[in-house]
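Please read the structure below before turning to the comments.
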Amino acid sequence: METNGQRDVYILAIESSCDETAAAVVKNGREVLSNIISSQIDLHTLYGGVVPEIASRKHIERINQVIEEALSEADMALNDVDAVAVTYGPGLVGALLVGVAEAKAIAYAAKKPLIGVHHIEGHISANYIENKDLEPPFLCLVVSGGHTHLVKVSDYGYYEILGRTRDDAAGEAFDKVARAIGLGYPGGPKIEKTAKEGNPNAIEFPRAKVADNPYDFSFSGVKSAVLNYINGCHMKNIPIVEADIAAAFQKAVTDVLVEHAMTAAKEFRIDKFAIAGGVASNQTLRSSMAEACEKRGIKFYYPSPIFCTDNAAMIGTAAYYEYLAGKTDGWDLNAVPNLKLGER
């Protein structure tokens, strides 16, 4: 099959870095033929967070079915795909190993090239799926439970990290604050829902700045400020208004994310800005970022919520550009839980 005289490229992608077992078939990097996600969220909710051992076991149980479903929905056989891609880091080591071992086995048996993909590169690449006009260079803010990165995307596969969190990731702070005010897990969606009923200006929580890098983030301070505020209310018998705490906390985090993003856009004179990762589906963050971009004449990009959370379509998209560049991996590919962006 050909598109514009060029042969179509089909990639089977696998993602298992945390608590979603996912597989997808992606055509030419931007067309998703299938995107199957088996979430373990209900299971981990019982424990108030992701339990790595349980996540690994569930991946083993589900991964073959998810891959078969992805191929079936795309109406393809394994022989029809051009390469097998997999997330090999960062993430939970046991969870990553399930996907990596599966991808290696499939690629070896089917005699297909193997492509290891960086999880954050996948999140950034999710923006290419629905925004067909988006091409590098652009800036991207990756915000999730495990990562908060401000990245300059110079070209496909070429990244410069301008700033990262020094402590808690934004999503991690959401989870901890949600737990503290009794909302439970997962924190992000519950904080967002509760915040809609609250006054974001009712409480002033701190916005941290990191002295030696204006683009680095720190969210442990605002998390501690929320905990101290709650303890203070208990000690003084002041009623706790959960909605106000949620709204004020969400505003404090959003303000910092938007400020750093717009400062970078101005300094690097880049008029394209994207967000990615689980927290990128937060409507307050999206609308605040959209407003800030519009004010400055910056074109704003974001994925649909299904492509914000962990999924394999984004891994297939990232892998397509690796494939075009001739970057493939050997059978010694291993899980790298602390993999840095740009390493290979």
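One table, with the values for the structure above:
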{"read-out": "Matching residues, the stretch 275-325, being over 16 Å from SER34 (Cα atoms) and aliphatic (A, V, I, L, M)", "value": "ILE275, ALA276, VAL279, ALA280, LEU285, MET289, ALA290, ALA292, ILE298, LEU324, ALA325"}
{"read-out": "Residue match in the stretch 177-200 (condition: under 18 Å from ALA264 (Cβ atoms), among the hydrophobic types (A, V, I, L, M, F, W, C), more than 21 Å from the chain's Cα centre (by Cα) and modelled with pLDDT under 90)", "value": "no"}
{"read-out": "Filter result (surrounded by fewer than 17 Cβ atoms within 10 Å (Cβ to Cβ) and of a type outside the set (Val, Ile, Thr)) within the stretch 227-242", "value": "LEU227, ASN228, ASN231, GLY232, CYS233, HIS234, MET235, LYS236, ASN237, PRO239"}
{"read-out": "Only listed residue being in contact with a Phe, Trp or Tyr (Cβ under 7 Å, 6 or more places away or on another chain) and free of Cβ contacts under 8 Å to residues at least 60 places away in the same chain, chosen from VAL177, VAL226, VAL241", "value": "VAL226"}
{"read-out": "Residue selected from the stretch 68-98 under the condition in a helix (DSSP H, G or I) and touching a helix residue (DSSP H, G or I) at 6+ places or on another chain (Cβ under 7 Å), by the criterion nearest to GLY188 (Cα to Cα)", "value": "ALA95"}
{"read-out": "The stretch 129-146 - residue that is part of a loop (DSSP other than H, G, I, E, B) and buried (at least 23 other Cβ atoms within 10 Å of the Cβ) and, of those, modelled with the highest pLDDT", "value": "SER144"}
{"read-out": "Extreme residue, surrounded by the fewest Cβ atoms within 10 Å (Cβ to Cβ), among residues of the stretch 292-320 that are within 26 Å of VAL26 (Cα to Cα), at pLDDT 95 or above and of a type in the set (A, V, I, L, M, F, W, C)", "value": "PHE300"}
{"read-out": "Residue that is modelled with the lowest pLDDT, among those in the stretch 3-24 that are of a type in the set (A, V, I, L, M, F, W, C) and closer than 19 Å to TYR88 by Cβ", "value": "CYS18"}
{"read-out": "Hits in the stretch 276-285 - residues which are in a helix (DSSP H, G or I) and buried (at least 18 other Cβ atoms within 10 Å of the Cβ)", "value": "GLY278, VAL279, ALA280, SER281, LEU285"}
{"read-out": "Cβ-Cβ under 6 Å pairs, at least 6 apart or on other chains, the stretch 191-205 side in contact (Cβ under 8 Å) with a residue 60 or more places away in the chain, far side assigned to a loop (DSSP other than H, G, I, E, B)", "value": "GLU192/ASN282"}
{"read-out": "Among (1) aromatic (Phe, Trp, Tyr); (2) assigned to a helix (DSSP H, G or I); (3) closer than 27 Å to LEU257 by Cβ; (4) over 15 Å from the mean Cα position of the chain (by Cα) - the single one PHE307 does not satisfy", "value": "(4)"}
{"read-out": "Close pairs from the stretch 280-295: first over 23 Å from SER125 (Cβ atoms), partner aromatic (Phe, Trp, Tyr) and buried (at least 22 other Cβ atoms within 10 Å of the Cβ), Cβ under 9 Å, at least 6 apart", "value": "ALA292/PHE273"}
{"read-out": "Residue check for GLY122: part of a loop (DSSP other than H, G, I, E, B) and either within 30 Å of ASP332 (Cα to Cα) or more than 15 Å from the chain's Cα centre (by Cα) (or both)", "value": "no"}
{"read-out": "Subset of the stretch 82-111 that is of a type in the set (D, E, K, R) and surrounded by fewer than 20 Cβ atoms within 10 Å (Cβ to Cβ) - its residue that is nearest to the chain's Cα centre (by Cα)", "value": "ASP82"}
{"read-out": "Whichever residue in the stretch 139-170 is more than 17 Å from the chain's Cα centre (by Cα) and aromatic (Phe, Trp, Tyr) and, among such residues, is farthest from ASP212 (Cα to Cα)", "value": "TYR156"}
{"read-out": "Given (1) modelled with pLDDT under 95; (2) over 19 Å from the mean Cα position of the chain (by Cα), number of the condition GLU68 does not satisfy", "value": "(1)"}
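Results for (1) crowded, with 23+ Cβ neighbours inside 10 Å; (2) closer than 24 Å to MET262 by Cβ, shown as yes or no for each residue.
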| site | (1), (2) |
| --- | --- |
| LYS152 | no, yes |
| GLY163 | no, yes |
| ASP175 | yes, no |
| GLY182 | no, no |
| GLY187 | yes, no |
| LYS190 | no, no |
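The values are calculated or read from the model by the stated rules, or taken from the named source; none is laboratory data. Given the structure is predicted, the values throughout are model-derived calculations rather than measurements. No Cβ is skipped: glycine too gets one built from the backbone with ideal geometry, and neighbour counts run over all protein chains shown.
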